[in-house]
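Nothing in this text is a laboratory measurement; each read-out follows from the coordinates by a stated rule. What you are looking at is a predicted structure, and each value in this text was computed from that prediction instead of being measured. Note: ideal-geometry Cβ built from the backbone for every residue, glycine included; neighbour counts use all protein chains shown.
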Amino acid sequence: MNENEIGNLPLEDNPVPTEERNDQMPDMHMEPSSSTPDDDQEPQEGLSFKWVNLVIGVVICLAIGSNALTDDWTFYIYLSIVIVIHEMGHVIAGKSFGCVIKEMQVFFLPFISYKPKQDSEEGSWRDIKWSLGTLPFGGVTIFKSRESKNEDDEDGLETGNPVMELEPATSPFIEDKPAWQRLLISAAGVLFNIATFLILYYVLPLVSFVEYDFVRSLSILSLILAVLNILPVYPLDGGAILFALYEMITGKKPSQGFTTACGWIGFIFIILFFWVFPEWLGGILNSVFQIFF
């Protein structure tokens with residue numbers, strides 16, 4: 001949730017906006033540099049593995065322990081499903097407005113990725129790299145941005161080159177899109193989770209005993225993800241929505257310094273809200289659950 005990338009939580013984000021993102025939790029992912037060992041070099045197409053990320057992720061999970069993670073592995077299956085649904089909301093909305101999407105990532109610290117074989121059509125679904133991470137705290141959808149330092153420079157618009165003026169309808173960059181379109185892109189993940197919850201909630205009384213736990217777990221996690229991401233804190237989706245509303249009302253975007261400051265403030269808030277004082281979050285979720293369950 002934020003200004004230059006789009007993504008999801010239970011927690012997703014990178015407060016320093018280097019790409020268009022709508023994350024939900026601290027996203028510490030960095031693009032590989034030219035000095036990355038050959039084993040971790042990402043091919044342009046096909047499957048790639050980052051064994052270092054896998055090892056680091058396992059070590060972090062073991063260090064965190066049961067206070068933050070659960071021993072029930074089915075939980076991570078349910079969580080990955082609702083995160084995919086959330087991120088696909090951002091992807092579909094972005095694609096419908098002509099944005100080019102670089103990557104959709106489920107969980108953080110990605111260790112396995114797949115990039116389809118490219119074709120000649122700009123902005124096709126084959127532009128998207130699909131990644132799975134080791135830290136089950138959220139997801140992120142990374143949009144092509146003028147500020148990205150790792151573009152292929154096919155458009156001659158990489159950082160440091162003269163900026164070409166493109167019509168919003170034809171521009172591949174998310175920051176060129178009108179504020180109302182960026183608002184819908186930011187809100188799409190939450191809307192997809194709410195729609196999933198409502199469908200499953202009304203289907204729940206109709207399912208068999210065997211399917212009940214699966215459907216109920218997905219419905220609850222969908223609602224939790226929607227509530228977390230709509231919080232009006234940047235870089236969560238709710239914060240990105242507020243920025244888009246501000247631009248629609250005033251006709252100007254918040255300054256880069258302001259959004260960066262909000263990103264750091266939001267990062268601190270996320271740490272406090274989700275880990276230091278989790279009872280605050282529990283109070284909000286309990287209030288919501290009492291309405292439906």
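At-a-glance table
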item	result
Set of lysines near Lys117 by C-alpha distance (under 21 Å), chain-local residues within fewer than 8 positions excluded	Lys50, Lys95, Lys102, Lys129, Lys144
Cβ-placed point charges (K, R +1; D, E -1), dipole of segment 159-256 about Cα centre in debye, nearest 20	180
Label-point gap, in nm, between Val52 and Glu147 - each point 7 angstrom along Cα→Cβ	2.5
Distance in nm between pseudo-label sites at Ser287 and Ser80 (7 Å out along the Cβ direction from Cα)	3.4
Using a Förster distance of 25 Å, the FRET efficiency for Tyr202-Leu245 (Cβ separation, nearest 0.05)	0.25
Rounded FRET efficiency, nearest 0.05, which uses the C-beta distance separating Gln118 from Leu191 and R0 of 30 Å	0.50
Added length on full extension, which subtracts the Cα-Cα distance from 0.36 nm per residue, Lys253 to Ile271	3.8 nm
Gain on full stretching of the segment that runs from Trp125 to Ala169 - 0.36 nm per residue minus C-alpha separation	14.1 nm
